[in-house]
1. Label GLU361 and SER205 with points 7 Å out from Cα along Cα→Cβ: what is the distance between them in nm?
2. GLN331 versus HIS25, label points 7 Å from Cα toward the beta carbon: distance in nm?
3. Using alpha carbons only, what's the Rg to Rh ratio of region 33-91 with Rh from Kirkwood?
4. Taking amide H positions as placed in the peptide plane 1.01 Å from N, state which residues far from SER169 in sequence (5 or more) or on other chains have amide H under 5 Å from it.
5. Whole number in Å², please: accessible area per residue of region 1-143, 1.4 Å probe, ligands, DNA and RNA not counted.
6. Need one word for region 1-49: rounded, prolate or oblate. Basis is the Cα gyration tensor (sqrt eigenvalues a ≥ b ≥ c); a/c below 1.5 gives rounded, then a/b vs b/c decides.
7. Using unit Cβ charges (K, R positive; D, E negative) and no other charged atoms, how large, in debye to the nearest 20, is the dipole of region 1-154 about its Cα centre?
8. Give me log10 I(q)/I(0) at q = 0.12, 0.20 Å⁻¹ for region 245-337, Debye formula, one equal scatterer per alpha-carbon, no solvent.
Amino acid sequence: MTTFVDRVELHVAAGNGGHGCASVHREKFKPLGGPDGGNGGRGGDVILTVDQSVTTLLDYHHSPHRKATNGKPGEGGNRAGKDGQDLVLPVPDGTVVLDGAGNVLADLVGHGTSYIAAQGGRGGLGNAALASARRKAPGFALLGVPGDLGDIVLELKTVADVALVGYPSAGKSSLISVLSAAKPKIADYPFTTLVPNLGVVTAGSTVYTIADVPGLIPGASQGKGLGLEFLRHVERCSVLVHVLDTATLESDRDPVSDLDIIEEELRQYGGLDNRPRIVVLNKTDIPDGKDLAELVRPDLEARGYRVFEVSAVAHLGLRELSFALGELIAQSRAAKPKEEATRIVIRPKAVDDAGFTVTQEDDRLFRVRGEKPERWVRQTDFNNDEAVGYLADRLNRLGVEQELMKAGARSGDGVAIGPEDNAVVFDWEPSMMSGAEMLGRRGEDHRFEEPRPAAQRRRDREAERDESLREYGDFDPFEE
């Protein structure tokens, strides 16, 4: 059974915003109490938060679909809908958030670091919030905005100070088991370690973490063996320790060639050239291993490496190694720049930034893109003429109509608001009026050729009444 997962694809969906309410206050002796529809609640966010108690992405491997709750719709009596509850997903320290194309969205390091993976939709305004001096009793409300929906990739990069790298069965697991309290699986066959192991080492006043990275082989940087799967776990380490086997039974291997092969794989992987290296010649408790260590040590030291002869089984040379690693870690920590408080960066909008763009795609189609126009379209109830007229007023005030004229749009041309896969297309009829004076009865807008059936039936009844009054001869068009 899989117990360690360091890469998952997560399908996240934020909550949708609740719809606003269109309601009129009704009370005895107050037949026209005014609009009292409440606003819809905000949809919940999907938030990734670093939790030190979490060490693997196993939960998301088994349950990759995560969704926050929706906001509740508004109600009459100026009662706003309840906001959706945020969904907080704990992730291990060192988790990197990527999009589907592999672009880094966030690097979560440090307890409590958070990232909003999916933004909840805002709630729609009720007709009480839409009331104004010109529109005192709106017969419509705005719809809630759908929450963000998408796929992200979570990659775990182990946060450790020291990384033990080397061939399979070089003794890395044995070394970490005696340097720390970690208890990794140890056996006499290759690829015993299938997951990175972490241990805490105390060397004097320095406390650091050490990671045992699964064995590397030639071609690991291209995906052979387990190397490519776990090489990213050494990216955050300050010191690399080459664990070389001096008692290998393979005739075509020796410590120097093993070092050259592993260094070549690290070079091809990239980003690790500036890390200090230490060479550990392991298994020197075996006579042949001791002789081979003494033979290759001068060559390794001539290359500039600090060399330590140790035996994880006999506990030889471990104290000197742990203190040497502690010294390098202390130097690395002292050389790091002092952490400063997070600066709040304010980026004001440019003076000439209208917030939207108008592009002509063919002779009779123009596309409008922008955060505000697209959100306003999603919030509009197209079954209500008054709501559509309100949308036309907003677009006009934003300057969309003026930009369409500059782009060469004519009456009857198609205008698409939104992306190609999810756009609202309508025939454009230019109008320089504000729109409020064009509103007739409640729920009607004279800019539409086909009114609602209820409004048409009401007009028919009024026409029949006027005709009957004319037949009786007592019709006075100037009578109130």
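The values are calculated or read from the model by the stated rules, or taken from the named source; none is laboratory data. Note that the coordinates shown come from a computational prediction; the quantities given were computed from them, not determined experimentally. Cβ sites come from the backbone with ideal geometry, for glycine too, and all protein chains shown count toward neighbours. Ligands, DNA and RNA are excluded from the accessible area calculation, which covers all protein heavy atoms including side chains. Shrake-Rupley method; radii C 1.70, N 1.55, O 1.52, S 1.80 Å.
1. 6.8 nm
2. 7.6 nm
3. We get a ratio of 1.27 for region 33-91.
4. Result for SER169 returns PHE191, THR192.
5. I get 52 Å² per residue for region 1-143.
6. Verdict is prolate for region 1-49.
7. Around 1360 debye, computed over region 1-154.
8. Here log10 of I(q) over I(0) equals -0.44, -1.09.
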